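Q: Right, I'll just put the structure down here and ask away after.
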Amino acid sequence: MGLAGDKITIHGGRPLNGRIELKGAKNLVTKAMVAAILGETPSVLRDVPDISDVRVVRGLLDVHGVKVTSDEEGVLTLDPSNVESAHMADIDAHAGSSRIPILFCGPLLHRLGEAFIPDLGGCRIGDRPIDYHLEVLRQFGAVVEKQPSGIRMSAPNGLKGTKVHLPYPSVGATEQVLLTAVRAEGITELRGAAIEPEIMDLINILQKMGAIITVDTDRVIRIEGVERLEGYSHTALFDRNEAASWAAAALATEGDIFVGGARQGEMLTFLNVYRKVGGKFDIHDDGIRFYHPGTELNPVIIETDVHPGFMTDWQQPLVVALTKAQGVSIVHETVYEQRFGFVDALVEMGATIQVHKECLGGQACRFGQRNFNHSAVISGPTKLHGADIVVPDLRGGFSHLIAALSAEGTSTVSNVGIISRGYEKFITKLEQLGADFVLEG
Ligand code: EPU
């Protein structure tokens, strides 16, 4: 399982009931694997999910001479003793549509003095530029050269600590600063940092390696560069995006799902919204049980935002549940300018959703005076019916699965391989939860 082009036929209308287990967060694990390049000794990472994004990073580490082994399920040993330069073509072949190669730059510049990045992809949810990353690397002293096949970077005079002020608290750019500053000469001060839990866990890892990092109030992070870092041993933070996705699935299918490994602290904002919609949850030491209340759901007004706000990755699965709420909900997407492509399929299935260019339901955002459909108005309740749909991106794809599972009749969902980029064994989990489907392709 895992090839783009895979297709599932789903017979909807059955609640998802049962228990599933989470592993480590995709958005931490992939960066933790990159951090291993900075160590002089091997690192051990536990709770690594079996997802294609992890396989992509593994391939990229491999072409750079980092030996990655796995003797036990979910445990990776990463040995960077023989790290070496890779050809742009090899990086390109392994990177596929992933944006991860950009984060290899700081560590590789420290280890080898040069780094290459091909044209970057990732989910098609807006432009997703890398201007912050390139600007940050230049500030550390990297020389950035555009070449026909991608970008070459070098650090003829080494990398030096600097003062960075991000125009927007970008997760990737904050990670870029961290992964570069820890071994740069001198002190780096980062203002406007992203402070997502996955970033805090990356900081935990870097501190284990020997880094000196202070997290101050108001999105300020200070890093004192050190000359040497060791390998780390770490159990990854759980995947709160996957937890939120299954929570939304429980609501949309009128089911009851225990999400093993989910924790309250990193999901406070999601849980508040879930409760406002009418969703029930019980918090246990080993996970969170999410379930439908058995009564009508309520509409909500949500604005996606950087942490500690409501994450952009949570809105797509929740929108499916909101099609079943009694009244008008508004979702204002302020992180990515084009993250509502997935609603076309929901409309085809019977949902009433309009997308607007205006900032609805909250503060004006940076996409407001521009030509982006970034506010959605969902009127419910509507009954969804089966349809033939094609998965557009990772989170949109999961929302299509939920929509098909909650719809009356049969749906075919194509291109479901994209979902395995970020959801470990989702086919097995659907089986465990009692979904009625046939996998083809
Ligand atoms: N941005 C720029 N220039 C840059 C970098 C970012 O303009 O150089 C903009 C983006 O276009 C976007 C905003 O800044 O509008 C935020 O992007 P950010 O850099 O925070 O996102 P990212 O690091 O590319 C990660 C996750 C996303 C998640 C976001 C927000 C990974 C691999 N990806 O992306 O996860 O939505 O942070 O939390 O960590 C997903 O898991 O499906 C996913 C897309």
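Q: With loop defined by DSSP as not H, G, I, E or B, and exposure as at most 14 other Cβ atoms within 10 Å, which is the longest segment of the chain clear of exposed GluC sites (Glu not before Pro)?
A: Between the exposed loop sites, the longest stretch runs 85-226.
Q: Per 0.36 nm of contour for each residue apart, how much would the distance between R222 and V390 grow if the chain were fully extended, relative to their Cα-Cα spacing?
A: Additional length available on full extension: 56.0 nm.
Q: On a full-extension model of 0.36 nm per residue, what is the gain between K146 and V377, subtracting their alpha-carbon distance, rounded to one decimal in nm?
A: 79.0 nm
Q: Moving to a separate point now. Give the angle, between 0 and 90 degrees and rounded to the nearest 10, that separates the Cα long axis of helix 197-209 from the longest principal axis of the Cα atoms of the chain.
A: Around 30 degrees separate the two axes.
Q: Using the heavy atoms of the protein chains and a 1.4 angstrom probe, tell me the accessible area per residue for segment 134-244 in square angstrom.
A: Ligands and nucleic acids excluded, the result is 40 Å² per residue.
Q: What residues have an amide H closer than 5 Å to that of G225, excluding those fewer than 5 places away on the same chain, when H is modeled at 1.01 Å from N in the peptide plane?
A: Amide H neighbours of G225, under 5 Å, 5+ apart: G186, I187, T188.
Q: Taking only Cα atoms of segment 5-98, what ratio of Rg to Rh do you get with Rh as the Kirkwood inverse-distance radius?
A: Result for segment 5-98 is an Rg/Rh of 1.10.
Q: Right, here's the next one. Given R₀ = 45 Å, what would the calculated FRET efficiency be for E84 paired with Q326, taking r from the Cβ atoms and rounding to 0.05?
A: Once rounded, the FRET efficiency stands at 0.15.
Q: Given labels modelled 7 Å from the Cα in the Cβ direction, how far is it in nm from D62 to Q432?
A: 2.7 nm
Q: Before anything else, pin down the relative contact order of segment 7-161: Cα pairs under 8 Å, at least 6 apart, normalised by residue count, whole percent.
A: Relative contact order here is 18 percent.
Q: Could you tell me which of the pairs K7/K276; K67/K163; K280/K425; K26/K146 are separated by over 31 angstrom between their Cα atoms in the structure shown?
A: With Cα atoms farther than 31 Å apart: K7/K276; K67/K163.
Q: Right, next: Near the amide H of V390, under 5 Å away, which other amide H atoms are found, from residues 5 or more places off or on another chain, if H is placed in the peptide plane?
A: S414
Q: OK, next. When the dipole is taken about the Cα centre of the chain, and only Lys, Arg (+1) and Asp, Glu (-1) are charged at their Cβ, what size is it in debye, to the nearest 20?
A: 660 debye
Q: Can I ask one more? Relative contact order for segment 283-418: what percent, with Cα pairs under 8 Å and sequence separation of 6 or more?
A: For segment 283-418, the relative contact order is 24 percent.
Q: Quick query: amide H of F310 versus all other amide H atoms, modeled in the peptide plane; which residues come in under 5 Å with a sequence gap of 5 or more or a different chain?
A: D305
Q: Another one. Just to confirm, what accessible area per residue do you get for segment 334-426 at 1.4 Å probe, in whole Å²?
A: Counting only protein heavy atoms, the per-residue value for segment 334-426 is 37 Å².
Q: Turning to a different aspect of this structure: How large is the translational diffusion coefficient of the chain in µm² per second when you combine the Kirkwood radius over alpha carbon pairs with Stokes-Einstein at 10 °C and 1.306 mPa s?
A: This corresponds to a translational diffusion coefficient of 71 µm²/s.
Q: Sequence gap at least 6, Cα distance under 8 Å: using those rules, report the relative contact order of the chain to the nearest whole percent.
A: Normalised by residue count, the contact order of the chain is 22 percent.
The values are calculated or read from the model by the stated rules, or taken from the named source; none is laboratory data. Computed from a predicted model, the values in this text were never measured in an experiment. Counting neighbours? That spans all protein chains shown, and the Cβs are built from the backbone with ideal geometry, glycine included. Surface accessibility is based on the protein's heavy atoms, side chains included, excluding ligands, DNA and RNA. Shrake-Rupley method; radii C 1.70, N 1.55, O 1.52, S 1.80 Å.
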